[in-house]
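Accompanying notes for the structure given below.
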Amino acid sequence: MEKRGRGGKPFLSPASQLQPTPPQPRRERRPSMFEREAYTQILRERLRESIHDVQYVEPPFDDSIADLGKEWKSALAKLKFANSYRMEPLKKFQAHSVETKVQQILKESLKDVKYDDKVFSHLSLELADRILSAVKEFGYHRYKFIIKVLFIQKTGQAINIASRWIWDVAWDSWVAAKQETETYVALALVFALYCE
């Protein structure tokens, strides 16, 4: 804390009056982004920091499996990906082609199957997995899929099935496929949600 004399001026000791303060080196002025040459330089610096190369690391085959896991973890931790800022899909979800594929899977899997609620609990999971793998083969990148398979026994009742979602109307979609027999109705719902 410095001492102050009369008039609010700092009090200077005789020793400090004799020693001149060394001149401060001039700092280089940062270029303005509105100057043409400086703008390209700033862009180059920013892009250099944001683009990263992705490298493939081949595992060594002579080490033990425990060491292999550690090496892969450390290699994967160093990888960085640049943002793509893609707001729309490369390939839009095509409901008609997915619907025919799902309908085909339902027909093949459910021919000569009678209604049994114990069997259908496992069958619904197997069908959902088969439908998911078939839909992923279409190659819709950045889409997340939700598959619901419902089996409804026919006992003379009426049923309404409803689903509510918040989604982008331009890119998200859904498909329903139905297979009906004498004893039950199988309904498969595929929801495709685009993730930016």
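Every number in this text was worked out from the coordinates using simple rules, so none of it is lab data. What you see is a predicted model, and the numbers here were worked out from it, not measured in a lab. So basically every Cβ, Gly included, is an ideal-geometry build from the backbone, and we count neighbours across all protein chains shown.
Structure notes:
- Listed residue (139, 156, 127) projecting farthest to the positive dipole end of region 77-196, Cβ model: 139
- Here the gap between residue 144 and residue 114, fully extended at 0.36 nm per residue and compared with their Cα-Cα distance, gives a gain of 7.6 nm.
- At full extension, residue 162 and residue 180 could sit 4.6 nm farther apart than now, given 0.36 nm per residue minus the alpha carbon distance.
- In plain terms, the bigger the Kirkwood radius, the slower the diffusion; for region 90-161, with that radius from Cα pairs, at 20 °C and 1.002 mPa s, Stokes-Einstein puts D at 154 µm²/s.
- Subtracting the Cα-Cα distance of residue 99 and residue 125 from 0.36 nm times their residue separation leaves 7.5 nm of extension gain.
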